[in-house]
Each structure stands twice: as C-alpha cells, then as structure tokens.
1. Six or more apart or on different chains, Cβ atoms under 9 Å: show the pairs whose first residue is in the stretch A:130-151 and within 14 Å of chain B (Cβ to nearest Cβ) and over 20 Å from A:E182 (Cβ atoms) and whose second is part of a loop (DSSP other than H, G, I, E, B) and aliphatic (A, V, I, L, M).
2. Somewhere in the stretch B:242-255, is a residue farther than 22 Å from B:C106 by Cβ and surrounded by fewer than 15 Cβ atoms within 10 Å (Cβ to Cβ)?
3. Scan the stretch B:87-98 and give yes if some residue there is within 15 Å of DNA strand D (Cβ to nearest atom) and either outside any helix (DSSP H, G or I) or buried (at least 16 other Cβ atoms within 10 Å of the Cβ) (or both), otherwise no.
4. Scanning the stretch B:40-73 for residues that are facing chain A (nearest Cβ under 9 Å), part of a helix (DSSP H, G or I) and of a type in the set (K, R), which turns out nearest to DNA strand C (Cβ to nearest atom)?
5. I'd like to verify a number: residues in the stretch A:5-18 that are more than 18 Å from A:D55 (Cα to Cα) and either more than 8 Å from chain B (Cβ to nearest Cβ) or near DNA strand D (Cβ under 8 Å from one of its atoms) (or both), how many?
6. What residue, among those in the stretch A:74-85 that are under 15 Å from B:K25 (Cβ atoms) and more than 7 Å from chain B (Cβ to nearest Cβ), is surrounded by the fewest Cβ atoms within 10 Å (Cβ to Cβ)?
7. Check B:N124, B:N171, B:N194 and return the single one that is polar (S, T, N, Q), at pLDDT 95 or above and under 23 Å from B:E244 (Cα atoms).
8. Could you go through the stretch B:150-172 and let me know if any residue there is in contact with a helix residue (DSSP H, G or I) (Cβ under 8 Å, 6 or more places away or on another chain), polar (S, T, N, Q) and within 18 Å of B:H83 (Cα to Cα).
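The values are calculated or read from the model by the stated rules, or taken from the named source; none is laboratory data. Since the model is a prediction, treat every value here as computed from it, not as a measurement. With ideal geometry, Cβ positions are generated from the backbone for all residues, glycine too; neighbour counts draw on all protein chains shown.
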Number of protein chains: 2
Amino acid sequence: MTADSGPSRPVTTLEKAVEIVELLKGEDELELRDMTTELPYAKSTIHRHLETLIDTGYVLRTERGYRLSLKTLDVGIQTRRNHALYSVAKERVDTLAKETGEKVWCVIEENGMAVPIYGHSGENTVQSNVSVGEHVPMHQMAAGKAILAYLPDDRVESIIEQHSLAKVTENTISDPETLYEELSRIREKEVAFNREESGYRLHGAGTAVRNEEDVAIGAISVSGPARRLQGELFSEELPRQLLEIASDIEIDLLYS
Amino acid sequence: MTADSGPSRPVTTLEKAVEIVELLKGEDELELRDMTTELPYAKSTIHRHLETLIDTGYVLRTERGYRLSLKTLDVGIQTRRNHALYSVAKERVDTLAKETGEKVWCVIEENGMAVPIYGHSGENTVQSNVSVGEHVPMHQMAAGKAILAYLPDDRVESIIEQHSLAKVTENTISDPETLYEELSRIREKEVAFNREESGYRLHGAGTAVRNEEDVAIGAISVSGPARRLQGELFSEELPRQLLEIASDIEIDLLYS
DNA sequence: TAAATGTATTCGAGCCATTCGAACAGAAGG
DNA sequence: CCTTCTGTTCGAATGGCTCGAATACATTTA
C-alpha cells in the first residue's frame, strides 16, 4: 500500500455529511429511520445534518422521506463544463455518432477510474453498460486502456495496484503482465480495442487524446454490438475515424 | 416572509463545506489563497476541509489548486435518474425534437425554481439560454409558467413571494396580477407561451405534465428562434404536439 | 546563489459546536 | 383509544473544529 491513507486530521463532521449524501444517492428517497440503521450515528445527528442540507438546497423533504435535489445535477454539469476536453470534444463526438450510427463516448481519467463525461447515441445505438458520470475500472473499457497506454508508467502501476483488475467477462484482462503487453500494442496502433471485455456481445474501440507532452488527458471511443463492430470496419475503418477525431481535438485544445 | 428561515441549530461545519463546494463550482480551479479571501475562515480550516473533500473523492488537487471532481457529476446524474419524470419523458422528448427540429426540454420545479433536467436538440436548434441543471425563475420560461398554472394557489403565491418576478427582457411578466391572469389563460388552452420573455429573439411553448390530482409534476417545452416559432405553427401545431406528448407521459407515469 | 516573497501544510490549545440520549410530539395502524 | 413507529426538540458534556503561529515548500527577484 503506497497510496496515501488520507489526511491525518479529517473533518469528521463533513465525512458524516458525505456518507449521508452517498446513501441518498443510491435511492430515490429514504426515511430518517433507514439512515439510522445504515449509519452508526444518532438519529438526532443525522436529522440535524439533513436539516442543514435542506437549508442549503441539496436535499429535499418528500412526503415520506428525503432525497437529493437537482442542485447536485447543477454542480455536476458545471464541473463537466469546466473540463477542457468537454467543450471541444462534444460536437465532434456528435458528428462521429451520426457518421457511425453507434454510441460514441468522451472519457476522462479521474482517481484511477475511467469516467464517461459525454456520450452521444447514433442511429443504431444499443443499450450500453455504462453511463455518464459513472466511474468504471480503466482496464474494462477501450477508452480506459487507451488512456492507460499514454500515462506515465508509475501512474499506471499505482492505478493497477489501487483498483485491482477485476474480471467482468471471460475476456477481461485481469493479469498485469497481459495488460502491459496490451498497452504497448495499443501504443503501436494508437488504438485500443475492447472485445467483450466489459460485457458480452459488446465491442468497442478507443483512442487517447493527448496533450503536448504526449500524456493522455482523455479518450474518445465507439461502442456497439459485437455483431456489427467486427471485420475491417472494426479494425480499420473505425480506428481511422477515431484517430482523425482525436487529432482534431488535440489541435483544438492546443490552439484555443 | 412566511418562509422558514432554516433549522434552528444548523451544522455550521457542514455549511462551511457547502460554501467551499459552491465556490469551486463557479471556477475551473481555485488556489487555497483565493478561497481564504472569499470566505471568512482561517486558511487552515479551509485547508482541512479540502483535504477531507479530496479524501472522499469530491475534490481533486490540480497542479496549482483545487477543483471539483466528476463524482459530483455522478451524484447529479443519479439524482436525475431517480426522478420519475426523467426516464419516461426522455425518449418522447427525443422524438419530438426530431419531429420539430427545435430544442425540446423536460423541466421540473424544485424549491420554487424551474430546472431543465433533460434537453434534446433538433436539426435546426440554436444556442439556448438555459442548460440542464440550471435553476431558472419559473415565470421566465414557458415550461415554468405551465407548471405554475397547475400548482396549488398557495404554492404559487409563496413562490412569487420567495423569488420575486425579475425582468430579463421587455416582455418578462414582472407583475403578480399579470402573471395570475396569464396562468388562468394557460389553464384554458393548457399551453403556455413564451414570447421573448426569457431572451430576445427566442420563443417557447410548454405544457404541464400532471399527476392524478391534476397537479403539475413537470413540463415539456419547445424553444427556438422567434422567427421560426410563430404563426399557426407556434399557436396551433406545436401546442397540439405538446399536448399529445404530455398526455402520453401522464399515462406512462400512471401505469408503470 | 541567496534572499525575499508568496504559497501550502502542520500542529498545539482553547473553546465552541457537534453529538448523544432521552423526552416529546405527531402520525399511522390496530 | 391505545399502541407503535417515526420524526423533532433540547440539555449537557466532551471531543473535534477552528484559529493563529510556526514551518515547509515553491517561485520570483536581486
């Protein structure tokens, strides 16, 4: 464990509030009672926290409980908008989705996790296994692997260490050695592939978007049914389109 | 002032944390120094809060400061997904945007404010003056007025009292009497119109989505350039489409 | 290179706010 | 009407938050 174990003197009151918010996040609404059973704090303590959260506008009182307000959505959307990659990638993602007919994602890395910050569906898009804002293990996505391929070695190591390589399908890379080989293969072609590694019947391809130092700041990926994403389209056509869009975005980022 | 002035004994530590988050929300990134000048707390206090927020994953340390992480986006998106209206309205909004070629919104009310929770652009959509998650005064939007028209009188009164009727253009309704007249007119036609009331050159039309007790739980609206949204299309065709979609959504909500 | 300036981070001590538990109120159900 | 369950209020105590000062670190200036 080389990872930092956090601040020496955390603000425990704030930690409690975060626990409450994360509890509410999972459910449509919760009663005070439910929270007292889930959290090791006195009923009155949680109640007072909730009152404060209501006062600040982040929690709403419903007929039979409490839920998070859409002020959380406002914060999230603003945070996304503040990302350099988002604004320049958005329209290009849209057009690529139209061209390919498949789901196109813009993904960034955060705390060692892959986070889709924007997605656009094409004409034929099927239900996908990720959604905006979700934090997904890097090695399970084409975009995540593409980013890993262009991160400093020590970062890659610490990410693997921190969140081990969980298997979700037969094809998921769960061995560090295999992953390292995969990453150098990705660097060769500049494209990462996902062949049913995140879910059955689903394929994906992604390319990193890099800064002036050649370090990944995100990735663009296309995902869809394995049945459609195969053959030359998958291994040649899509990569070409992805490399083009990534290059365009890189240029936009440099000169804006 | 009939509004509650908040809890008698708020958790001030939590309030401080919220202030920090809201400060970060506005900017791409902030240094600790900036925050000490903006907030009346000791440098070490803010520092300790930030450390805790980093530990929980909601704040990231950048090269030269701090910013909110995309965990906030995750929370916001989840909150939206938990909304009953969102999931049923989404696809219908998409199709209406395709049909009309204009921007279509799904809006709900929260704390007396109109909040667009989902928007889909059509073929000809122009840049709009609101975005997802933003909290907008009810009287400035077609959707907001449509919702107000189907809220209990006392709620409407308290909303007007709480957030007064700010003018943003010549046409914005800023007088309560005029607004009440407008609301009864909306109830007659079941459709609300916005004629350059939220921004110049922009028109909009919206209809409320109501529950079994005929109380608004949200609204669907179409907005676009005044030049296009006019004449019979604006006053007849769009309202017909909106009423249909709203009715469909109401049925979906009742039987699901 | 060193000094100087401006940051961030650590730490001790005091005191205030948080926390708890218990008591109260209010709703729901039998 | 009583019982049970959930939410709300309140006093007291103590433990954690806050502050300010001191330290460490980075960046600029002479």
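1. Listed by first residue and then by second, the contacts come to A:G133/B:L70; A:H135/B:L70.
2. For the stretch B:242-255, residues farther than 22 Å from B:C106 by Cβ and surrounded by fewer than 15 Cβ atoms within 10 Å (Cβ to Cβ): absent.
3. Pass one, the stretch B:87-98, residues within 15 Å of DNA strand D (Cβ to nearest atom): none.
Looking for residues that are within 15 Å of DNA strand D (Cβ to nearest atom) and either outside any helix (DSSP H, G or I) or buried (at least 16 other Cβ atoms within 10 Å of the Cβ) (or both), one finds none in the stretch B:87-98, hence no.
4. Within the stretch B:40-73, the match that is nearest to DNA strand C (Cβ to nearest atom) is B:R48.
5. Adding up the residues that qualify gives 7.
6. A:R81
7. Values: B:N124 fails: at pLDDT 95 or above; B:N171 fails: under 23 Å from B:E244 (Cα atoms).
Criteria check complete, one pass: B:N194.
8. no
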